[in-house]
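S.K.: Mind having a look at this structure? Questions to follow.
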Amino acid sequence: RKEVEQDPGPFNVPEGATVAFNCTYSNSASQSFFWYRQDCRKEPKLLMSVYSSGNEDGRFTAQLNRASQYISLLIRDSKLSDSATYLCVVNRDDKIIFGKGTRLHILP
Amino acid sequence: GAVVSQHPSWVICKSGTSVKIECRSLDFQATTMFWYRQFPKQSLMLMATSNEGSKATYEQGVEKDKFLINHASLTLSTLTVTSAHPEDSSFYICSAGDRGPSWLAYGYTFGSGTRLTVV
């Protein structure tokens with residue numbers, strides 16, 4: 001079993017809709033969690049950190065469930081510019097481990 | 001915010017030659033740098049972790065004699081692909097963190113990546 005797993009998608013979602021992704025991690029010793037965004041042929045960029053209490057940044061909401069070992073990302077009122085691959089990232093013992101990413105296509 | 005500069009952006013080299021990729025932290029001291037490789041339509045795969053002043057730690061299956069990592073200063077790490085072959089063609093990305101209190105909020109910063117094509 002991979003340490004960080006995500007549904008690869010693609011998720012094809014109409015503009016304005018709400019979409020959610022989940023990511024599961026297998027190592028309970030994982031310490032920190034992030035969502036990164038990667039556009040085609042570009043480097044990943046941090047979208048948001050994920051805190052135990054959950055956190056929101058504009059249209060984006062991230063949640064962490066340590067008991068079930070998953071994190072989620074919710075995007076409200078999706079825009080065409082949200083089309084990208086969203087990477088779930090977990091930090092453990094000074095290593096950062098990436099999920100394979102979930103591809104999102106926002107349809108006009 | 002933290003900036004990581006990676007060079008070159010792309011390189012084409014002949015099979016059997018060596019290629020050096022540089023990763024510099026511009027406004028912070030990067031005690032730890034990570035090197036990743038990404039094949040088309042695949043996820044980033046961690047190759048190695050380098051700590052300033054010590055030997056890099058390589059992930060299982062990564063040949064340390066082929067992918068030489070040097071992290072001689074707090075702002076510079078280099079990855080040298082020795083005797084490159086076409087199967088080494090990939091997107092190589094570095095990332096760095098200062099392990100200070102802000103990293104939990106800001107994560108690690110990535111370089112812009114190097115697209116290596118070996119012909």
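Values in this text are rule-based calculations from the coordinates and carry no lab data. Being a predicted model, the structure only gives us computed values, none of them experimental. Don't worry about glycine lacking a Cβ; one is built from the backbone with ideal geometry, like all the others, and counts go over all protein chains shown.
S.K.: Fewest first, what order do B:V118, A:V4 take by the number of other Cβ atoms within 10 Å?
M.R.: Ordered from fewest to most neighbouring Cβ atoms within 10 Å, B:V118, A:V4 come out as B:V118, A:V4.
S.K.: Cut-off is 10 Å between beta-carbons; in what order do B:L68, A:L73 appear when sorted fewest neighbours first?
M.R.: Listed from fewest to most nearby Cβ atoms, that is B:L68, A:L73.
S.K.: Over all Cα pairs of chain B, how is the pair count split among 5 Å bins, expressed in % and running from 0 up to the last occupied bin?
M.R.: Spelled out per bin, shortest first, that is 2, 13, 23, 25, 20, 11, 5, 2, 0.
S.K.: Mind giving me the nanometre distance, one decimal, between the label points for A:Y70 and B:S15, set 7 Å out from Cα along Cα→Cβ?
M.R.: Label-label distance for A:Y70 and B:S15, simple model: 4.6 nm.
S.K.: Here's a follow-up. How do B:C13, B:C94, B:C23 rank when sorted from fewest to most other Cβ atoms within 10 Å of their own Cβ?
M.R.: If I rank by nearby Cβ atoms, fewest first, I get B:C13, B:C23, B:C94.
S.K.: Based on the alpha-carbon gyration tensor of the range B:1-63, what equivalent-ellipsoid semi-axes (square roots of 5 times the eigenvalues) come out, in whole Å, largest first?
M.R.: Taking √(5λ) for each eigenvalue gives 21, 17, 14 Å, largest first.
S.K.: Right, next: Take the Cβ-Cβ distance between A:T18 and B:T57 as r, set R0 to 45 Å, and report the resulting FRET efficiency rounded to the nearest 0.05.
M.R.: 0.65
S.K.: A further question on this structure: With label points built 7 Å along Cα→Cβ from the Cα atoms of A:S26 and B:S73, find their separation and express it in nm.
M.R.: 4.1
S.K.: To continue, here is another question. Mind checking Rg over Rh on the protein assembly as shown, alpha carbons, Kirkwood formula for Rh?
M.R.: Rg/Rh: 0.98.
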